[in-house]
């Protein structure tokens, strides 16, 4: 609710980032996200859904859902990138706007 108040007042608003569990990536998920956006009035471009790399390895349904979410205008990011076994060429074809590299890759860096 506070986000909507700030947005309506023309104030700078943060991106709302939400982690999505692999088990949530079902066909009804897209409709639920659309419903929540409509009910709250939050613009889709202000919502970023974080999906793990492993969730995208579950097959065509996850791929279809990501494209449907993108068509809603929602931003998508791959969370914990590098922990799965996806090829970069496969991920390049996904409608994501951001890759969030897993912490294990940067641990120990100066």
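What follows is calculated from the coordinates using simple rules that are stated; it is not laboratory data. Quick caveat, the model's predicted, so the values are computed rather than measured. Neighbour counts are summed over all protein chains in view; Cβ atoms, including those assigned to glycine, are modelled from backbone coordinates with ideal geometry.
Using just its DSSP H runs of length 4 or more, each adding -39500 (n - 2.57), the chain gives a mean residue ellipticity at 222 nm of -11000 deg cm²/dmol after division by all residues.
The Rg/Rh ratio of the chain, with both radii computed over alpha carbons and Rh defined as the Kirkwood radius, is 1.01. GNM on the chain, alpha-carbon springs under 10 angstrom: the most fluctuating residue among 52, 39, 66 is 39.
What does the highest-first list of 41-48, 99-106, 71-78 look like by mean Cβ count within 10 Å? Could the numbers behind the result be given before it?
Working: 41-48: 15.6, 99-106: 12.6, 71-78: 18.2.
Descending mean neighbour count gives 71-78, 41-48, 99-106.
Relative to the longest principal axis of the Cα atoms of the chain, the long axis of helix 60-72 lies at roughly 30 degrees. Against the longest principal axis of the chain, how steep is helix 27-40, in degrees 0 to 90 to the nearest 10, with axes from Cα atoms? It works out to around 30 degrees.
With a ≥ b ≥ c taken as the square roots of the eigenvalues of the C-alpha gyration tensor of the range 13-65, please select rounded if a/c is under 1.5 and otherwise prolate if a/b is larger than b/c or oblate if it is not? All intermediate terms of the calculation are to be shown ahead of the outcome.
Working: a/c = 2.81, a/b = 1.61, b/c = 1.74.
Judged from the Cα gyration tensor, the range 13-65 comes out oblate (a/c at least 1.5, b/c at or above a/b).
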